[in-house]
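Taking it in order: structure first as structure tokens, then the write-up.
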Amino acid sequence: MAISFSLIKGDDPGGPRLGELFTPHGVVETPVFMPVGTQATVKTLTPEELEELGARIILSNTYHLYLRPGPDMIGKAGGLHRFMHWSGAILTDSGGFQVFSLSPLRKVSEEGVEFRSHIDGSKHFLSPEKAVALQETFGADIIMSLDECLPYPVDRDAAIISVDRTARWAERCRRAHQTDQALFGIVQGSTYPDLRERSVSRLVMLDFPGYAIGGLSVGEPKSEMYSALAWTTRLLPAAKPRYLMGVGAPEDLVEGVARGVDMFD
């Protein structure tokens with residue numbers, strides 16, 4: 001496995017933790033905030049400046065990298081680390097959130113999601129298998145399964161369909177995964193406690209090396225986000241890193257750490 005995680009402190013399953021994430025590009029102390037380099041660069045900062053500021057891991061977005069500059073160019077450069085001249089660890093998302101935020105421009109099916117580029121309107125299709133293949137080309141240390149991220153509010157029936165589809169997509173991502181990069185599963189379930197539990201139970205059976213918590217900070221009140229987060233972290237394996245996706249406001253970092261989150265962006 002490309003990464004390992006050591007829990008140093010944190011006996012309460014839903015309480016604050018200290019840990020170390022060991023990656024092929026260095027050790028990352030957790031809890032950690034990952035600066036976002038959307039298109040292979042963190043805006044206004046050079047890689048050297050990021051390192052001086054203490055960053056040890058950054059995030060890049062598969063959706064944006066896929067559309068521009070594209071996987072062929074990044075692959076020819078030798079992967080994302082060489083392309084962006086970054087020696088630390090990298091996490092890439094699957095593109096799911098960006099695609100699903102383009103509501104008028106996409107169509108979801110069991111096979112994946114068809115969408116139109118926000119740049120030029122061209123048509124594209126993202127399947128679980130393609131999401132994994134793209135991230136394998138990029139060469140990030142940690143990669144994400146494709147999930148379906150729903151807005152808030154969402155009715156229970158739609159949330160059930162989404163949770164189950166996300167689980168099936170996670171299974172397909174697991175089967176498609178060919179490298180030693182660490183593939184994380186993504187928990188969904190909106191603000192329904194039993195659906196969060198349903199999602200966790202399906203993903204834990206696949207034994208991912210880490211778990212992301214998705215579908216939060218999508219319009220719900222802060223109190224509901226914190227409650228959903230507390231339900232979820234208590235269900236996740238204590239020995240695996242936990243990543244809260246897309247939540248990075250200062251107060252949310254404090255509340256997330258208090259509820260057992262290890263990674264933020």
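The values are calculated or read from the model by the stated rules, or taken from the named source; none is laboratory data. A quick note: this is a predicted structure, and the numbers were derived from the prediction, not measured. Neighbour counts are summed over all protein chains in view; Cβ atoms, including those assigned to glycine, are modelled from backbone coordinates with ideal geometry. Areas reflect the complete protein model, heavy atoms only, side chains present, ligands, DNA and RNA absent. Shrake-Rupley method; radii C 1.70, N 1.55, O 1.52, S 1.80 Å.
Between Thr30 and Gly19, Glu20, Leu21, the built amide H atoms are under 5 Å apart, and every one of these is 5 or more places off in sequence or on another chain.
With contacts taken as Cα pairs under 8 Å at a separation of at least 6 residues, region 45-135 carries a relative contact order of 26 percent. Rolling a 1.4 angstrom probe over region 99-162 with all protein chains present gives an accessible area of which 55% lies on carbon and sulfur atoms. Across region 182-265, Cα-Cα pairs farther apart than 17 Å form 38% of the total. For the chain, the Kirkwood hydrodynamic radius comes to 18.4 Å, computed from all pairs of different C-alpha atoms.
Of all DSSP-defined beta bridges confined to the chain, some 45% are antiparallel rather than parallel.
Summarising the label geometry, the points placed 7 Å from Cα in the beta-carbon direction at Ser4 and Ser109 lie 4.4 nm from one another.
Ratio of Rg to Rh for region 69-143: 1.01 [Cα atoms; Kirkwood radius as inverse mean 1/r over pairs].
Going down the list Lys9/Lys130; Lys76/Lys240; Lys130/Lys240; Lys9/Lys222; Lys107/Lys240; Lys76/Lys123, which pairs span over 31 Å between their C-alpha atoms? With Cα atoms farther than 31 Å apart: Lys9/Lys130; Lys76/Lys240; Lys107/Lys240. Using a cutoff of 8 angstrom between alpha carbon atoms and counting only pairs six or more residues apart, the relative contact order for region 110-265 works out to 18 percent.
Using only alpha carbons, region 109-150 has a radius of gyration to Kirkwood radius ratio (Rg to Rh) of 1.00. Mean residue ellipticity at 222 nm, helices only, the chain: -10500 deg cm²/dmol; runs of at least 4 DSSP H residues each add -39,500 (n - 2.57), and the sum is divided by the number of residues. Taking 8 Å as the Cα distance limit and 6 or more residues as the minimum spacing, I'd like the relative contact order of the chain as a percentage. So the answer I get is 20 percent. The distance linking region 91-112 with region 8-60 is 25 Å (Cα centroid to Cα centroid, whole angstrom). Accessible surface area normalised per residue over the chain is 43 Å², counting heavy atoms of protein chains with a 1.4 Å rolling probe.
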